[in-house]
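Input: a single structure, listed below in structure tokens.
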Amino acid sequence: MIGCDRKEAPKFHIKTPRRAGVRRPNAPGQTRIRSPPASIDRNAIVPTIGRSRRPPTSLRIAPTPVFRFASLFAALYLFWLLLSGYFTAFLMTAGAGCALAVVWFSRRMDVVDAEGHPVQLGIRAWMYWPWLIVEIMKSAWSVSRIILDPRLPISPTLVRFKPGQKSDVGLVVHANSITLTPGTITIEAGADEFLVHGLTRDAAQGCVASEMDRRVTAFEAGGAR
């Protein structure tokens with residue numbers, strides 16, 4: 001360039017195609033990268049930058065409205081059969097019609113959603129209920145011992161703590177699970193704080209950072225959408 005010092009001039013690297021079988025010597029202190037051999041399919045080497053990756057399974061598998069309505073119909077129909085106990089053609093047809101009518105009314109009311117029928121929680125929710133039943137039985141035994149004790153060793157306590165759930169379904173399940181467990185009751189439930197009353201100090205403190213909180217958060221995360 002005219003009027004410019006050669007040391008300050010911009011440097012350009014022009015890559016020229018080389019002929020097959022010709023090797024050029026490397027510059028001092030420079031490592032040259034060999035091009036892939038001709039046997040490799042260059043079209044198979046696709047850059048991942050800018051391409052959308054497949055989301056995790058828990059995010060990809062989302063229940064469609066048809067699946068949600070079908071699962072609600074199946075649950076209602078099975079409930080009808082359990083209450084009836086008779087498997088005649090007329091009663092089974094009537095049960096199917098009633099279940100279908102409830103699904104239709106629910107759709108008209110727009111209540112068959114992730115909160116009204118949370119099928120997105122999956123198998124983890126079904127694994128939670130047996131554990132909760134065992135905890136209810138253990139707490140019922142502890143409360144029975146306190147009531148039968150002549151000294152009546154109670155120490156009513158209020159505790160506040162932050163739950164680990166993020167969705168409304170998770171918060172409701174956690175709050176109701178505390179209330180279903182004898183000896184504790186949820187007085188206030190919010191996204192930032194729970195207020196729980198315990199019959200004893202140990203029962204109240206057991207709700208803070210508890211196994212129940214961890215399990216509800218686990219199956220809530222499995223159904224996140």
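Some points to look at:
- Matching residues, segment 103-133, being surrounded by fewer than 15 Cβ atoms within 10 Å (Cβ to Cβ) and part of a helix (DSSP H, G or I): Trp104, Phe105, Arg107, Arg108, Met109, Ile123, Trp126, Met127, Trp129, Pro130, Trp131, Ile133
- Search result, residues across segment 168-203 that are of a type in the set (Gly, Ala, Ser), surrounded by 19 or more Cβ atoms within 10 Å (Cβ to Cβ) and either outside any loop (DSSP other than H, G, I, E, B) or under 25 Å from the mean Cα position of the chain (by Cα) (or both): Gly170, Ala175, Ser177, Gly198, Ala203
- Flag for Pro153 being surrounded by fewer than 19 Cβ atoms within 10 Å (Cβ to Cβ) and in contact with a helix residue (DSSP H, G or I) (Cβ under 7 Å, 6 or more places away or on another chain): yes
- Complete set of residues in segment 64-76 that are open to solvent by less than 50 Å² (accessible area, probe 1.4 Å) and of a type outside the set (A, V, I, L, M, F, W, C): Arg68, Ser71
- Boolean, Ser167 is modelled with pLDDT under 95 and closer than 30 Å to Val103 by Cα: yes
The values are calculated or read from the model by the stated rules, or taken from the named source; none is laboratory data. Please read these numbers as outputs of a predicted model, since none were measured by experiment. Don't worry about glycine lacking a Cβ; one is built from the backbone with ideal geometry, like all the others, and counts go over all protein chains shown. Surface areas here come from the heavy atoms of the whole protein model, side chains and all, with no ligands, DNA or RNA. Shrake-Rupley method; radii C 1.70, N 1.55, O 1.52, S 1.80 Å.
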